[in-house]
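Structure record follows, encoded as structure tokens.
The values are calculated or read from the model by the stated rules, or taken from the named source; none is laboratory data. Model, not experiment: these values are computed from the prediction. Glycine also receives a Cβ, built like all others from the backbone with ideal geometry; neighbour counts cover every protein chain displayed.
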Amino acid sequence: MTRTRIWHPFTQHGLDEPIPNIVRTQGAHLWTDGGDRLIDAISSWWVTTHGHAHPRIADAIAEAAGQCDQIIFAGHTHPYAEAVAEGLAALFPSALAHIFFSDSGSTSVEVALKMALGYWASRDEARHRILVLEHSYHGDTIGAMSVGARGVFNAAYAPLLFDVETLPFPGGDTAQATLDALEAACRAKPAALIVEPLVLGAGGMLIYAPSVLAEMHTICARHGVLFIADEVMTGWGRTGTLTACEQAGVVPDIMCLSKGLTGGSLPLAVTLASAAIYDAHYSTDRAAMFFHSSSYTANPIACAAAAANLAIWREEPVPDRVGDLAARQAGWAARVRGWPGVANVRHLGTLTAFEVADPDRPGYLSTLGPAIKAQCAAAGVLLRPLGNTVYVMPPYCIDADDLGMVYTAIEDAISAGCAAKA
Ligand code: PLP
């Protein structure tokens, strides 16, 4: 038994799998202390957008660290947060007029849920039920887990999770069933629907159509049910556009953003809200304020990174880079469709995903994932399949050679039958 002092996330230390020590990151590359180079095919848990250690972001962080490292954000502000607010206002729909900062995707979701319930409480309406999509994932805090799919991730904590109403995943054949279920659920006056727009990430990179997203929004609007778009994974170009909602012409009441908000360099999140949500908490009565904070709310160094990221989006041809990567990923998806033993090949924007047949144990606990991960690591590629779901979601700076190496490593791992199936 090898006990480690550091307890890693989503890691079973009892399996004693190797834990590489990464000492340097640059662009699409990571280097271990042994000097091995890894190509980051998953954007280090979907956060790195433009590339690791982007010079504009790194410079902004250094400047802020020496100028204004941390300030209580209750009742105070600073130029870095103001720059983020201005930058977001320039890029995002004007209807999402208000910005609440927090530290992670999970906290941005907690904030969204509290905003929604606060909205209804301010109107003296007892609406607190949340509608969710089957297979969804919104984070690992108690509220975020409550609105996510129940399963191995959270079975031990089930007694603490609040009840939600789950709509079927709106896949091709089941889209109408989802819309019908939503229509019926809305009649019982729930508080809100929360969705991952177009792609359910941790649930297995499951993709659904913009038309369904648009229709879900229309139904919610018709019934006065708040629409929360969790763009924590899908935001910042991943699906081919700045946000996934854009592809459906949807402006939600509340939008959660994190991960690529700082280009993936520092933890920061925002929950964007409509004027109606903000106004519901606006009063001369202190008891009616929005009761949420964390010590590091809108930390200036993280905000400096986010402001630099927003400047990159404004001033550099990021959509072209996203488009180039999306085209390569589409081409690869077309090739993978011809491979034996893979199913359900799908592609959206900079994401390609598929399942590798695992007759023993498909799903998140499939041992194929770790086996493929190990073989890819040996070939110099960082991959982390979700069970038997393999996906590639690299930073936008990845070049054709590196992407080719990622594809080859995956093909080799799969065609070798994942010999090292753990
Ligand atoms: N929401 C979605 C859609 C996510 O994919 C994730 C994380 O992957 C989260 C929320 C939680 O974000 P974080 O890990 O930063 O708390």
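Does Arg335 fit the bill of being basic (Lys, Arg) and in a loop (DSSP other than H, G, I, E, B)?
Judged against the criteria, Arg335 is not a match.
Among residues belonging to the range 240-292 that are of a type in the set (Asp, Glu) and under 20 Å from the mean Cα position of the chain (by Cα), point out the one that is nearest to Ile312 (Cα to Cα).
Glu246
Which residues, counting only those in the range 331-360, are on the phi < 0 side of the Ramachandran plot, small (Gly, Ala, Ser) and surrounded by fewer than 15 Cβ atoms within 10 Å (Cβ to Cβ)?
Matches in the range 331-360: Gly331, Ala334, Gly338, Ala343, Ala357.
Checking the conditions here, which among Asp140, Asp180, Asp124 is under 30 Å from Phe10 (Cα atoms), surrounded by fewer than 19 Cβ atoms within 10 Å (Cβ to Cβ), among the acidic types (Asp, Glu) and without any contact (Cβ under 8 Å) to a residue 40 or more places away in the chain?
Only one candidate qualifies: Asp140.
Within the range 181-192, is even one residue hydrophobic (A, V, I, L, M, F, W, C), under 30 Å from Ser283 (Cβ atoms) and outside any loop (DSSP other than H, G, I, E, B)?
yes
Just to be sure I understand, how many residues within the range 70-111 are hydroxyl-bearing (Ser, Thr, Tyr), away from the ligand (no atom under 16 Å from the Cβ) and closer than 20 Å to Pro300 by Cα?
2
Given the residues Ala81, Ala74, Ala155, Ala60, which is the only one that is hydrophobic (A, V, I, L, M, F, W, C), in contact (Cβ under 8 Å) with a residue 60 or more places away in the chain and either surrounded by fewer than 22 Cβ atoms within 10 Å (Cβ to Cβ) or not assigned by TED's automatic domain parsing to the domain that holds Val225 (or both)?
From the options Ala81, Ala74, Ala155, Ala60, the qualifying one is Ala74.
Only one of these is of a type in the set (D, E, K, R), more than 16 Å from the ligand (Cβ to nearest atom), touching a Phe, Trp or Tyr at 6+ places or on another chain (Cβ under 8 Å) and assigned by TED's automatic domain parsing to the domain that holds Phe100: Arg127, Arg123. Name it.
After ruling out the rest, the residue left standing is Arg127.
Just to be sure I understand the filter: pairs with C-beta atoms under 6 Å, separated by 6 or more residues or on different chains, first member in the range 363-391 and over 15 Å from Val406 (Cα atoms), second member aromatic (Phe, Trp, Tyr). Which pairs pass?
Taking only residues 6 or more apart or on different chains, the pairs are Gly387/Tyr364.
Which one of these does Asp173 not meet: (1) assigned to a loop (DSSP other than H, G, I, E, B); (2) modelled with pLDDT of 95 or more; (3) surrounded by fewer than 21 Cβ atoms within 10 Å (Cβ to Cβ)?
If we test Asp173 against (1) assigned to a loop (DSSP other than H, G, I, E, B); (2) modelled with pLDDT of 95 or more; (3) surrounded by fewer than 21 Cβ atoms within 10 Å (Cβ to Cβ), just (2) comes out false.
Looking only at the range 207-245, which residues are in contact with a His (Cβ under 6 Å, 6 or more places away or on another chain) and within 12 Å of the ligand (Cβ to nearest atom)?
Of everything in the range 207-245, just one residue is in contact with a His (Cβ under 6 Å, 6 or more places away or on another chain) and within 12 Å of the ligand (Cβ to nearest atom), namely Asp230.
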